[in-house]
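All remarks here apply to the structure that follows.
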Amino acid sequence: MIREWMRSSSKWIGALVLGMACSLQVHAHGGLSLADDMCKLTVGPYTMHFTGYQPESTQEQEFCEDIPNVGRTIVALDYIDEALRPMTTEVRIIRDTGSEENLDEITIFHIPPKVYPSGSVTFEYNFPAEGSFVGLVTVRDNDTEYVSRFPFAVGTGGKSNLPLILGALAVAAAAGFFFMKKGKAQGEEK
C-alpha cells in the first residue's frame, strides 16, 4: 500500500514539477498580448505584430512588453490585418505621468499620422533613462479613430521567469524528498 501511495504521489509531484517548468507567465500590458509566440497589438478591431530590439544590449532577443535596458531601441509594427494598409497610423511615446491632458508636453517621441502601404512601421528611439512610459498607436479610417494604449517600463533588465521556475522546482524537489523519506520511514515501521 505504501509503495502504491509513493508511486501515486511521485506521479503527482512529477506532474506538478513539469507543469511549473513548462508554464510561462504572460502579462498583458494594455493593447499588447503574447499569443502563439507573437506579440500582438490590438488597435480597435485590428491587430499588428509588435517587435522590439536593442541590438547593442540584447543582440537578437525580441521583446514586446517592458524594454530591458536604456539606449537604442528599434521597434517594428507589422500589420496583421490588410485593412490597415490604406489607413493612417500615428505612433507616440509619452512619459507615464498619470494624466494625458497635455500630450505635447509629455511626448518624448512622435511619428505623425501617415499611410504605410507596405504594412510595416519601423522606428528607432534612444531611451536616455529608466522610467515608465506609455505607447499610443492611433489608426484613423476617415472619421473613425482607434487608439491602442500600452504602458511599459524601460530599464527592467529583461525580467526573467527563470528564478521563479527554479524556486518552484526546488520546493517541489524538497517536497518530493520529504514524502519519499516519510514513506520509507513508515514502511520500515511495519
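The values are calculated or read from the model by the stated rules, or taken from the named source; none is laboratory data. Quick caveat: nothing in here was measured; it's all calculated off a predicted structure. Glycine also receives a Cβ, built like all others from the backbone with ideal geometry; neighbour counts cover every protein chain displayed. Calculation scope for accessible area: heavy atoms of the full protein, side chains included, ligands and nucleic acids excluded. Shrake-Rupley method; radii C 1.70, N 1.55, O 1.52, S 1.80 Å.
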Among the residues of segment 95-103, are any among the aliphatic types (A, V, I, L, M), modelled with pLDDT of 90 or more and within 19 Å of the chain's Cα centre (by Cα)? no
Counting only residues in segment 82-101 that are within 15 Å of SER118 (Cβ to Cβ) and part of a loop (DSSP other than H, G, I, E, B), the one least open to solvent (accessible area, probe 1.4 Å) is identified as MET87
For segment 46-68, give me the residue count where each residue is polar (S, T, N, Q), farther than 18 Å from SER148 by Cβ and in contact with a strand residue (DSSP E or B) (Cβ under 8 Å, 6 or more places away or on another chain). 3
For segment 102-130, how many residues are open to solvent by 70 Å² or more (accessible area, probe 1.4 Å), in a strand (DSSP E or B) and within 20 Å of PHE152 (Cβ to Cβ)? 4
Pairs only if they're at least six apart or on different chains, beta carbon under 8 angstrom, first in segment 98-123 and closer than 12 Å to MET87 by Cα, second polar (S, T, N, Q) and modelled with pLDDT of 95 or more; list them, first residue then second. PRO113/THR88; PRO113/THR89; PRO113/THR138; LYS114/THR88; LYS114/THR89; VAL115/THR88; VAL115/THR89; TYR116/THR89
Pick from segment 49-73 the residues that are outside any loop (DSSP other than H, G, I, E, B) and touching a helix residue (DSSP H, G or I) at 6+ places or on another chain (Cβ under 7 Å): which of them is least open to solvent (accessible area, probe 1.4 Å)? GLY71
Considering each residue of segment 79-97, count those that are among the polar types (S, T, N, Q) and in contact (Cβ under 8 Å) with a residue 40 or more places away in the chain, and give that number. 2
